[in-house]
Amino acid sequence: MDEDRTEREAEEAAIQALRPVHIDGHVVLRPAQESSRTVHAFLGYLRGQGLGCVPEPLGIAGDTETLGFIEGADGGDGWYHQHTETGLRSAARLLRRIHDASTGWVPPNDALWGSPPLPGDDLVFCHGDPGPWNFVWHDNEAAALIDWDFLHPAPRLDDVAYSLRWFAPARNDAHALDWHHFPEVPDRSARIVSFLEAYGPLPDFDVVEAIAARAEATMRHERALADRGIEPQRTWVEQGSLEAQADEVSWIRANGHLLR
């Protein structure tokens, strides 16, 4: 466990160095993005609907945005909380609650999105990066969803497929053990069923193709951000992240029997 924690802290320190985030008492100070004003408007809307499970937007000054801090475990600690059935299902329910609440929001005319908008039916406003690290956890319960840099309008399956990749996980056995820190390789198919049951009704879709296609979309977006010199994506691409992700997409499609 100590070795796992050391690796996790090293990963988080590397990201922090590329895009520093500071916690000062009850506030979080983060580098502002082009889309930050749109994100703050969205978070303000959700908070106004009674959703305390997203950060309170406190303002943007220059190149820094300020948000309310939400107590709990996040980042690398999130992997451990979502191992349980309780944690897994609570994340799905929280994502559904936010998606459902988002449908009433009318974005500003000058809205800028952190990820490309996607057409389709049953559009919601998607988080874009709802992995275990971006949930805040209280005793194996997902309590909040933070880091909304990739907010964009899209069918809700866009977020669901992304989540399934990381919560199942739709990754090889070695990653399930050393990256996700499961004590043994989990039953991925059963975890997918649990997540989808807890999330609630969705249009029919092919689980394997949805996860693979969403991973490919993530790769395209990462490349686009890297080409613009945005961190940490620029460094990740230089370090070979796209090649590694292409291998993972191949694994997903070749091992669909583990996911259905």
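The values are calculated or read from the model by the stated rules, or taken from the named source; none is laboratory data. Keep in mind that what you see is a predicted model, and the values were worked out from it rather than measured. Cβ: placed from backbone, ideal geometry, glycine included. Neighbour counts: every protein chain shown.
Examine the stretch 44-62 for a residue that is closer than 17 Å to Pro153 by Cα, among the small types (Gly, Ala, Ser) and either in a helix (DSSP H, G or I) or free of Cβ contacts under 8 Å to residues at least 40 places away in the same chain (or both), and state whether such a residue exists. Looking through the stretch 44-62, at least one residue is closer than 17 Å to Pro153 by Cα, among the small types (Gly, Ala, Ser) and either in a helix (DSSP H, G or I) or free of Cβ contacts under 8 Å to residues at least 40 places away in the same chain (or both).
Candidates Val208, Val193, Val185: the one that is outside any loop (DSSP other than H, G, I, E, B), among the β-branched types (Val, Ile, Thr) and without any contact (Cβ under 8 Å) to a residue 40 or more places away in the chain is Val193. Of note, Leu164 satisfies the criterion of being assigned to a helix (DSSP H, G or I) and buried (at least 18 other Cβ atoms within 10 Å of the Cβ). For Val237, state whether it is crowded, with 17+ Cβ neighbours inside 10 Å, at pLDDT 95 or above and either more than 26 Å from Phe195 (Cβ to Cβ) or more than 21 Å from the chain's Cα centre (by Cα) (or both). Taking the combined requirement at face value, the residue satisfies it. Output the residues belonging to the stretch 231-250 that are touching a helix residue (DSSP H, G or I) at 6+ places or on another chain (Cβ under 9 Å) and either in contact (Cβ under 8 Å) with a residue 60 or more places away in the chain or in a loop (DSSP other than H, G, I, E, B) (or both). Within the stretch 231-250, Glu231, Pro232, Thr235, Glu248 qualify. For the stretch 107-125, the criterion of a residue being buried (at least 19 other Cβ atoms within 10 Å of the Cβ) and part of a helix (DSSP H, G or I) is satisfied by no position.
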